[in-house]
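Peer 1: This structure is in structure tokens; I'll ask about it shortly.
The values are calculated or read from the model by the stated rules, or taken from the named source; none is laboratory data. Small disclaimer: the values here were computed from a predicted structure and weren't measured. So basically every Cβ, Gly included, is an ideal-geometry build from the backbone, and we count neighbours across all protein chains shown. Each accessible area value is taken on the protein alone, full model and side chains, heavy atoms only, with ligands, DNA and RNA left out. Shrake-Rupley method; radii C 1.70, N 1.55, O 1.52, S 1.80 Å.
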Amino acid sequence: MTWLELSVQVDNEAVESVSELLARYGYNGGVVAEPAWIPGDEGPEFSYDPNRPVTLRTYIPLDAQAEDVRQRLEQALWHFNQIRPLGPLQTRQLEEEDWANAWKQHYSIMRVGQRTVIVPSWLEYSPAPDDVVIALDPGMAFGTGLHPTTQLCLRLLETYAQPGLRTLDLGTGSGILAIAAAKLGAGPVLAIDNDPVAAQVAAENVRINQIEHVVTAGEGSLGAGQHMGHWLSGDFGEDHPADASTPPTTPQFNLIAANLIAKVLVILANDLAAALMPGGILVSSGIIDTKEADVVAAFEAAGLRQLERHVEGEWVALVHTR
Ligand SMILES: C[S@@+](CC[C@H](N)C(=O)[O-])C[C@H]1O[C@@H](n2cnc3c(N)ncnc32)[C@H](O)[C@@H]1O
């Protein structure tokens with residue numbers, strides 16, 4: 001397969017909003033932010049120059065729709081450019097193998113929250129005593145750690161992932177949240193995704209982190225989620241009569257992380273509540289602020305009680321209990 005890389009240079013204040021714009025068009029919502037790195041004395045842990053522009057990249061399959069997608073993105077950037085100046089949209093063709101490596105060139109060690117450090121699996125890092133290190137090769141799955149929703153969840157897991165908690169990471173992507181939960185002491189952890197590519201990437205990252213004895217990664221979903229197609233396909237399984245072929249969900253998890261999209265969280269509200277043990281914690285994100293009220297209402301109707309709410313840009317993360 002051949003891929004088209006779409007990249008644009010932006011100033012630091014525009015990184016978040018333009019990343020989200022690119023994520024709407026790019027494969028699996030993946031966006032790579034490449035700051036103006038300055039190699040420091042600290043090996044691969046570069047510092048960067050905040051006064052120089054950041055390059056944002058996303059990737060789309062070079063198929064019959066590619067030109068249409070490129071034009072729509074160019075138009076969206078044109079509108080943005082009226083408010084805040086941006087560089088021109090640049091394109092580059094990449095073969096499959098180059099694409100996998102393109103991620104790697106622009107991905108560096110990143111600290112999130114108080115203790116979590118995401119380390120690209122091909123880089124060396126000497127952890128501080130309290131660090132929770134997640135070695136990661138996101139490949140083609142969502143979950144590089146760069147997205148605000150992933151970061152919101154990682155910060156919440158630092159509070160809620162306690163030793164001995166039976167944990168579910170629903171929509172695991174690269175496996176990042178499951179691995180964080182396990183490294184913070186939770187376990188056993190079930191990491192599932194209905195995208196077979198993500199499930200494979202997650203399993204590989206679990207292996208890289210040598211926590212196969214704690215985390216089981218695989219293809220799958222929960223309740224009504226089992227009838228859904230790929231999350232970007234628009235197939236939310238709504239044609240399936242409720243629970244016709246879905247076994248009832250039993251309460252089995254003390255902690256659930258669900259960084260999905262709002263619509264999927266609404267459809268899965270009852271299943272998430274049913275899977276949670278009384279007193280258990282549900283950390284949910286992927287909620288765009290305009291859809292937050294729908295998720296809050298669905299969770300309340302499912303008998304969940306809200307404990308916390310966090311916002312980054314236009315993204316919301318919620319904590320509920322049962
Ligand atoms: C926003 S990404 C989150 C990835 C990762 N957990 C993170 O926090 O970065 C959402 C993931 O949920 C998966 N997903 C979407 N709908 C799903 C469903 N019904 N069942 C299982 N996984 C689903 C997608 O394939 C995707 O990998």
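Peer 1: Condition first: within 15 Å of the ligand (Cβ to nearest atom), part of a helix (DSSP H, G or I) and among the aliphatic types (A, V, I, L, M). Now tell me which residues in the stretch 288-298 satisfy that.
Peer 2: Result: 295, 298.
Peer 1: Pull up the stretch 192-214, narrow it to residues that are aliphatic (A, V, I, L, M) and touching a Leu at 6+ places or on another chain (Cβ under 8 Å), then point me to the one that is farthest from residue 164 (Cα to Cα). Working first, answer last.
Peer 2: Of the residues in the stretch 192-214, the ones aliphatic (A, V, I, L, M) are 192, 197-199, 201-203, 206, 208, 211, 214.
Of the ones still in play, those that are also touching a Leu at 6+ places or on another chain (Cβ under 8 Å) are 192, 208.
Values: 192: 19, 208: 22 Å.
Applying the filter and picking the extreme gives 208.
Peer 1: Still on this model: Could you identify the single residue in 180, 161, 135 that is within 13 Å of the ligand (Cβ to nearest atom) and either within 18 Å of the chain's Cα centre (by Cα) or open to solvent by less than 20 Å² (accessible area, probe 1.4 Å) (or both)?
Peer 2: Details: 161 fails: within 13 Å of the ligand (Cβ to nearest atom); 135 fails: within 13 Å of the ligand (Cβ to nearest atom).
So the residue among 180, 161, 135 that is within 13 Å of the ligand (Cβ to nearest atom) and either within 18 Å of the chain's Cα centre (by Cα) or open to solvent by less than 20 Å² (accessible area, probe 1.4 Å) (or both) is 180.
Peer 1: Which of the residues belonging to the stretch 269-322 are under 13 Å from residue 148 (Cα atoms), open to solvent by 60 Å² or more (accessible area, probe 1.4 Å) and of a type outside the set (D, E, K, R)?
Peer 2: Across the stretch 269-322, the qualifying residues are 310, 311.
Peer 1: Being under 22 Å from residue 223 (Cβ atoms), more than 9 Å from the ligand (Cβ to nearest atom) and either modelled with pLDDT of 95 or more or assigned by TED's automatic domain parsing to the domain that holds residue 27 (or both) is the filter here; which residues of the stretch 188-205 pass it?
Peer 2: Scanning the stretch 188-205 gives 188, 189, 190.
Peer 1: Let me ask something else. Could you tell me whether the stretch 234-257 includes any residue that is on the phi > 0 side of the Ramachandran plot, more than 13 Å from the ligand (Cβ to nearest atom) and among the acidic types (Asp, Glu)?
Peer 2: The initial filter retains those residues of the stretch 234-257 that are on the phi > 0 side of the Ramachandran plot, namely 234, 237, 243.
In the following step, the residues that additionally are more than 13 Å from the ligand (Cβ to nearest atom) were identified as 243.
Of the ones still in play, those that are also among the acidic types (Asp, Glu) are 243.
Looking through the stretch 234-257, at least one residue is on the phi > 0 side of the Ramachandran plot, more than 13 Å from the ligand (Cβ to nearest atom) and among the acidic types (Asp, Glu).
Peer 1: Among the residues in the stretch 221-228, are any out of contact with any helix residue (DSSP H, G or I) (no Cβ under 8 Å at 6 or more places or on another chain), within 11 Å of the ligand (Cβ to nearest atom), in contact (Cβ under 8 Å) with a residue 24 or more places away in the chain and not aliphatic (A, V, I, L, M)?
Peer 2: Within the stretch 221-228, one or more residues are out of contact with any helix residue (DSSP H, G or I) (no Cβ under 8 Å at 6 or more places or on another chain), within 11 Å of the ligand (Cβ to nearest atom), in contact (Cβ under 8 Å) with a residue 24 or more places away in the chain and not aliphatic (A, V, I, L, M).
Peer 1: Hey, could you check the stretch 21-47 for residues that are at negative phi and in contact with an Asp or Glu (Cβ under 7 Å, 6 or more places away or on another chain) and say which is modelled with the lowest pLDDT?
Peer 2: Within the stretch 21-47, the match that is modelled with the lowest pLDDT is 44.
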